[in-house]
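A quick write-up on the structure given underneath.
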Amino acid sequence: MQKLIGKTIVITGGAQGLGRALSIRASKEGANVAIGDFNIEGAQQTANMVDNAIAHKMDVTDFDSCQKLMDTAYEAFGSIDVLVCNAAILLSGAIEELASADWKKVIEVNLCGFYNTAKAAVPYLRKSKGANIIQINSKSGKKGSLKNSAYSASKFGGIGLVQSLALELAPSQIRINAICPGNLLDSPLWQNSLFAQYAKNQGITEQEVREKYIAQVPLGRSCQYEDVENLFVFLASDDAGYITGQALNVTGGQQMT
Ligand SMILES: NC(=O)c1ccc[n+]([C@@H]2O[C@H](COP(=O)([O-])OP(=O)(O)OC[C@H]3O[C@@H](n4cnc5c(N)ncnc54)[C@H](O)[C@@H]3O)[C@@H](O)[C@H]2O)c1
């Protein structure tokens, strides 16, 4: 049975990776999907893969751009019921190597961008029954990450924002939760960037990075998109109507608090 029939879901960062997987799953569950990304070609490709989807070029670091995404989604589908704040970047490096400008850029996209998109969506979410926000966080939002301070700090900040907005929006019956996935080792982020960055930072081979990260997971495997999708569908649906202010781990037991 489809779980998200009739809902309009706005997803940022849907041009590839997890955002694309969530967009496809949302559509399969019966939702209308508005995909925001500054990679408009990728976002359009995602939209073409599913029913009832539109793509919109935007930048989460620019509030006006976030507002235009929400206006476009509302005009297209007549409501905004769920916002998924998924767009993020990762620039890693030891403190003496990572430039302050790069550190700030990660915070601007991952934390300020989350605030901008939530701020732009809330006036529309207030019009919908069962409205909610889901931030795609990370296990690095719960525990420090080696030579990865900007990303980890941005994700810790995201949980503070989730908890604070949960208090602020609860009187309006708008829920907000975070999903903290483990390592999606088959994702473009890892394949195109992280294996190389971590191998360099940690002085080991890319194969050793893979083995090291899988060895840290009690269930003994990489996180898969479907693991995250299943929690996303539950949180977005009315089944999760009494759940707000939570940051839920999808880490195969790697993170337990
Ligand atoms: N891949 C993993 O192992 C992993 C693990 C835990 C959490 N996460 C989280 O999952 C989410 C998605 O990660 P992913 O692996 O799919 O990443 P990805 O790099 O494959 O995709 C991110 C998308 O965000 C878009 N984007 C980046 N900056 C943007 C901006 N300023 N405005 C609009 N769009 C922008 C990119 O164009 C891209 O399409 C992120 O929040 C990430 O932190 C990923």
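Structure notes:
- Looking only at segment 74-109, and only at residues there that are hydroxyl-bearing (Ser, Thr, Tyr) and at pLDDT 95 or above, the one that is nearest to Ile176 (Cα to Cα): Ser79
- Under the condition of being more than 18 Å from Asp71 (Cα to Cα) and either in a helix (DSSP H, G or I) or more than 13 Å from the ligand (Cβ to nearest atom) (or both), the residues counted in segment 14-38 number 14.
- Residues (within 8 Å of the ligand (Cβ to nearest atom) and either free of Cβ contacts under 8 Å to residues at least 24 places away in the same chain or part of a helix (DSSP H, G or I) (or both)) located in segment 177-191: Pro188, Leu189, Trp190
- Within segment 133-150, restricting attention to residues that are of a type in the set (Ser, Thr, Tyr) and over 30 Å from Pro123 (Cβ atoms), the residue that is modelled with the lowest pLDDT is Ser145.
- First in segment 60-71 and farther than 7 Å from Asn116 by Cβ, second anywhere and buried (at least 16 other Cβ atoms within 10 Å of the Cβ) and of a type in the set (Ser, Thr, Tyr), Cβ under 8 Å, 6 or more apart: Leu69/Thr12; Leu69/Thr117; Met70/Tyr124
- Segment 130-166, residues that are more than 13 Å from the ligand (Cβ to nearest atom) and either among the charged types (D, E, K, R) or within 17 Å of Thr251 (Cα to Cα) (or both): Gly144, Lys147
- Residue check for Gln207: in a helix (DSSP H, G or I) and free of Cβ contacts under 8 Å to residues at least 12 places away in the same chain: yes
- Residues of segment 45-68 include at least one that is part of a helix (DSSP H, G or I), crowded, with 22+ Cβ neighbours inside 10 Å and out of contact with any strand residue (DSSP E or B) (no Cβ under 7 Å at 6 or more places or on another chain).
- Flag if Lys200 is farther than 25 Å from Arg20 by Cα, among the charged types (D, E, K, R) and within 16 Å of the ligand (Cβ to nearest atom): no
- Filter result for Tyr115 (within 16 Å of the ligand (Cβ to nearest atom), assigned to a helix (DSSP H, G or I), buried (at least 17 other Cβ atoms within 10 Å of the Cβ) and modelled with pLDDT of 95 or more): yes
- Which listed residue is away from the ligand (no atom under 14 Å from the Cβ) and surrounded by fewer than 17 Cβ atoms within 10 Å (Cβ to Cβ), from Glu75, Glu41: Glu75
The values are calculated or read from the model by the stated rules, or taken from the named source; none is laboratory data. Owing to the predicted nature of the structure, the values given are computational and were not obtained by experimental measurement. Glycine gets a Cβ as well: all are built from the backbone with ideal geometry, and neighbour counts include every protein chain shown.
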